[in-house]
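> Attaching a single structure in structure tokens format; questions to follow.
The values are calculated or read from the model by the stated rules, or taken from the named source; none is laboratory data. This structure is a prediction, so every number in the text was calculated from the model and none was measured. Here the Cβ is made from the backbone with ideal geometry for all residues, glycine too, and neighbour counts use every protein chain on show. Surface accessibility is based on the protein's heavy atoms, side chains included, excluding ligands, DNA and RNA. Shrake-Rupley method; radii C 1.70, N 1.55, O 1.52, S 1.80 Å.
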Amino acid sequence: MLVDVCISVAGVMHVPLRWVLWDVKDTLLKVRRSVGEQYCQEVQRTAGFSLNPTEVEAAFRQSFHQYSKLYPNYGTAKGLGGKAWWMGVVRDTFAQCRVQDAALLDTLAHNLYHGFCSPNNWEVFPDSAKTLESISSLGLKQGVVSNFDNRLEGILRGCGLLSHFSFLLTSEEAGIAKPNPAIFHRALEKCGVTAASVAHIGDHYVYDYVTSRSLGLHGYLLDRQGRNKYPDVPPQHRLKTLEELPARLQQHMD
């Protein structure tokens, strides 16, 4: 286990930064096209007919919300898991859009579940790879704490980002989802250091920023649109681009 070296500066104990933890979706990468567009493309390819992307998007949001409420965290507590959970969401989405053929619903659900493993359906933000490389060059180790299912490893590999991380911790694997502090405690065990030696970066105010800060991590909120919705987040904790991050982290290393 790595033991932090505490340095006293003007009577304040300073614990050097050792690790950086990452959220993934909408932080390092995003879906390439809207869900409505991608689902409609699959219907056209598989069944040869068209649906309205706006209608499909609305149906998806309703299905996603319902499944998240009934079976939180991919239904891991009820024995579902990511694949069964997502296939249920897809079937229900298309059923709302008057697709009634059970075999077709199964085919669409299967194809879309596996299709979202492909980097073709994901877009890496332009600043992601460069920032990950810069952080590694500082000598910091990196890991992932994400409310993602177990496809994440394949997605990150396909997107060329996997090699930057010493470990991935998904909510499906852990059986715990952010903002439950337990998933961060699990990550800290993997890091082998105290919270004061770890930074966490994500785009969600509660799941990423508030929770990590409450546990003593150096939490940063990524706000790519510069909306500044949360006045309690000081400027030094807010990022508009990931390119700002390495210099911020270096301040906690010396």
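> When the residues of segment 168-196 are narrowed to those that are over 16 Å from the mean Cα position of the chain (by Cα) and hydrophobic (A, V, I, L, M, F, W, C), which ends up surrounded by the fewest Cβ atoms within 10 Å (Cβ to Cβ)?
Among those that are over 16 Å from the mean Cα position of the chain (by Cα) and hydrophobic (A, V, I, L, M, F, W, C), it is ALA182.
> Okay, moving on. Of THR93, THR107, THR131, which residue is in contact (Cβ under 8 Å) with a residue 60 or more places away in the chain, in contact with a Ser or Thr (Cβ under 9 Å, 6 or more places away or on another chain), closer than 20 Å to ARG45 by Cβ and of a type in the set (S, T, N, Q)? If you could, list the steps in order and put the result at the bottom.
Numbers: THR93 fails: in contact (Cβ under 8 Å) with a residue 60 or more places away in the chain; THR131 fails: closer than 20 Å to ARG45 by Cβ.
Matching residue, one of THR93, THR107, THR131: THR107.
> If you take the residues of segment 42-74 that are free of Cβ contacts under 8 Å to residues at least 12 places away in the same chain and within 22 Å of GLU173 (Cα to Cα), which of them is most open to solvent (accessible area, probe 1.4 Å)?
Ranking the qualifying residues of segment 42-74, first place goes to LYS69.
> When only residues in segment 80-98 that are under 19 Å from GLY175 (Cα atoms) and either among the β-branched types (Val, Ile, Thr) or surrounded by fewer than 18 Cβ atoms within 10 Å (Cβ to Cβ) (or both) count, which is farthest from the chain's Cα centre (by Cα)?
For segment 80-98, the residue satisfying everything is ALA84.
> I've got another one for you. What number of residues within segment 219-237 are open to solvent by less than 50 Å² (accessible area, probe 1.4 Å), out of contact with any helix residue (DSSP H, G or I) (no Cβ under 8 Å at 6 or more places or on another chain) and under 22 Å from PRO179 (Cα atoms)?
Number of matching residues: 2.
> Here are some residues: ALA77, ALA109. Which one is under 24 Å from the mean Cα position of the chain (by Cα), among the small types (Gly, Ala, Ser) and open to solvent by less than 20 Å² (accessible area, probe 1.4 Å)?
ALA109
> Now a separate question. When segment 92-140 is examined, which residues are found to be at positive phi and among the charged types (D, E, K, R)? Break it down stepwise before answering.
So the first thing to find is which residues in segment 92-140 are at positive phi, and the list is 98, 139.
The answer is ARG98, and nothing else.
> Scan segment 200-207 and give yes if some residue there is under 15 Å from LYS30 (Cα atoms), touching a Ser or Thr at 6+ places or on another chain (Cβ under 6 Å) and either open to solvent by 10 Å² or more (accessible area, probe 1.4 Å) or not acidic (Asp, Glu) (or both), otherwise no.
Within segment 200-207, one or more residues are under 15 Å from LYS30 (Cα atoms), touching a Ser or Thr at 6+ places or on another chain (Cβ under 6 Å) and either open to solvent by 10 Å² or more (accessible area, probe 1.4 Å) or not acidic (Asp, Glu) (or both).
> Among (1) open to solvent by 60 Å² or more (accessible area, probe 1.4 Å); (2) modelled with pLDDT under 95; (3) under 17 Å from the mean Cα position of the chain (by Cα), there is one condition PRO119 misses while meeting the rest; what is its number?
With (1) open to solvent by 60 Å² or more (accessible area, probe 1.4 Å); (2) modelled with pLDDT under 95; (3) under 17 Å from the mean Cα position of the chain (by Cα) applied to PRO119, the lone miss is (1).
> Take SER136 and tell me if it is more than 12 Å from the chain's Cα centre (by Cα), surrounded by fewer than 21 Cβ atoms within 10 Å (Cβ to Cβ), modelled with pLDDT of 95 or more and within 28 Å of HIS14 (Cα to Cα).
yes
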